[in-house]
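Visitor: Before anything else, here's the structure in question.
The values are calculated or read from the model by the stated rules, or taken from the named source; none is laboratory data. The shown structure was predicted, so the numbers you read here are calculated from the model rather than taken from an experiment. No Cβ is skipped: glycine too gets one built from the backbone with ideal geometry, and neighbour counts run over all protein chains shown.
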């Protein structure tokens, strides 16, 4: 959902129980709220809510930015932008729309490592 200002994004207070009862289309994990950044050095801000998958609000999500980046790229007419996720923890990203994919640049914390062994997906 696109709102008019960063202040509106910050003011959102979802009822996560009610939100989780909304049936989402297949493959949709959550809902993003976004607006232009209030800081002239921030192109857009967002928050991402996903109670359907057990995460009321994701602190900083790549999933949402892979969708938001192409949209903001078209709106702003630029491929590279500065984004801020405005959750309680928050995070800063540089995002790039490179046509068939999105590049996310920023600091990350590894929470798991693994590999897939054998089989056909």
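Visitor: Of everything in the stretch 80-105 that's assigned to a loop (DSSP other than H, G, I, E, B) and surrounded by 15 or more Cβ atoms within 10 Å (Cβ to Cβ), which residue is modelled with the highest pLDDT? Show your work before the answer.
Guide: Our first condition is that a residue be assigned to a loop (DSSP other than H, G, I, E, B); within the stretch 80-105, this holds for 86-90, 98-101.
Among the residues that remain, those that are also surrounded by 15 or more Cβ atoms within 10 Å (Cβ to Cβ) are: 86-87.
Details: 86: 95, 87: 90.
Result: 86.
Visitor: Further question on the same structure: Hey, among the residues in the stretch 46-69 that are assigned to a helix (DSSP H, G or I) and in contact with a helix residue (DSSP H, G or I) (Cβ under 9 Å, 6 or more places away or on another chain), which one's nearest to residue 34 (Cα to Cα)?
Guide: At the first step, the residues of the stretch 46-69 found to be assigned to a helix (DSSP H, G or I) are 51-53, 62-69.
Right, trim to in contact with a helix residue (DSSP H, G or I) (Cβ under 9 Å, 6 or more places away or on another chain) and you get 51-52.
Details: 51: 18, 52: 19 Å.
Among those residues, the one meeting the criterion is 51.
Visitor: Could I ask something else about it? State which residue is farthest from residue 14 (Cα to Cα) when the search covers only the stretch 40-65 and only residues that are touching a residue at least 12 places away in the same chain (Cβ under 8 Å) and more than 14 Å from the chain's Cα centre (by Cα).
Guide: 41
Visitor: For the stretch 66-91, how many residues meet the condition of being touching a strand residue (DSSP E or B) at 6+ places or on another chain (Cβ under 9 Å) and more than 21 Å from residue 11 (Cβ to Cβ)?
Guide: Number satisfying all stated conditions: 14.
Visitor: So in the stretch 8-30, with the set limited to residues that are under 17 Å from residue 83 (Cβ atoms) and either in contact (Cβ under 8 Å) with a residue 60 or more places away in the chain or not in a loop (DSSP other than H, G, I, E, B) (or both), which one is farthest from the chain's Cα centre (by Cα)?
Guide: Taking the candidates together, the pick is 8.
Visitor: Can you find a residue in the stretch 70-83 that is touching a helix residue (DSSP H, G or I) at 6+ places or on another chain (Cβ under 7 Å) and touching a residue at least 24 places away in the same chain (Cβ under 8 Å)?
Guide: Yes, that holds for at least one residue.
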